[in-house]
1. Check each of the GluC sites (Glu not before Pro) in the stretch 77-156 and keep only those in coil by DSSP with at most 14 other C-beta atoms within 10 angstrom; list them in order.
2. What percentages make up the Cα-Cα pair-distance distribution of the stretch 76-145 when the bins are 5 Å wide from 0?
3. I need the peptides 148-159, 110-121, 88-99 ranked by packing, meaning the mean over residues of other C-beta atoms within 10 angstrom, with the highest value on top.
4. Quick one: if you stick a label point 7 Å off each Cα along the C-beta vector at L157 and E129, how many nm between them?
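Here, each number is a calculation from the coordinates, and none is a lab measurement. It should be emphasised that the depicted structure is a prediction, and the values quoted were computed from it without experimental measurement. Neighbour counts run over all protein chains shown; Cβ positions are idealised from the backbone, glycine included.
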Amino acid sequence: MGLAAQSVMAAGLLGFCARRLLAAAATRGLPAARIRWESSASRAVVTPSTVAGKRAPEPAAEWQEDPELEEENLYEKNPDCHGFDKDPVIDVWNMRVVFFFGFSIVLVLGTTFVAYLPDYRMHDWACREAERLVKYREANGLPLMESNYFDPSKIQLPDDD
């Protein structure tokens, strides 16, 4: 299923739920705000019941076609458009927020976090331990490396039965 079909279905479902809520508020005598919601993706329009106090009809999807089929160019209205919103002020603030969190938080704090991670697989510890053993063996006159990892005199082998 394509993205356009999913957005139309989501907007239709949202419109359906909004109409059901408005109908429930009208049947119970609850005050409902006079609002009108219009989806830009699917062109669905949701309005409350026009007659207050009467039971609203069963909700049905109402579609309103866009009279203007060509897409508007945001760069003609706002040459400094960053593509976040149609309103230039909101567009600039959204751009600033995205770049602040994208660069300042993720890159700066992320690299700091990675730089101060603990020693991976104890590589630094192994180097320090090897240097310590070399200094100890040199100070005591022992060879730096031995052919046997364990002392052969301390190994107890089974009898040759």
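1. Counting only loop positions with at most 14 other Cβ atoms within 10 Å, the GluC sites (Glu not before Pro) in the stretch 77-156 are E146.
2. Whole-percent P(r) values from 0 Å outward: 3, 13, 11, 9, 8, 7, 7, 6, 6, 6, 5, 5, 4, 4, 3, 2, 0.
3. Numbers: 148-159: 6.5, 110-121: 8.2, 88-99: 13.2.
Those peptides, ordered most packed to least, come out 88-99, 110-121, 148-159.
4. If labels sit at L157 and E129, their model points lie 2.9 nm apart.
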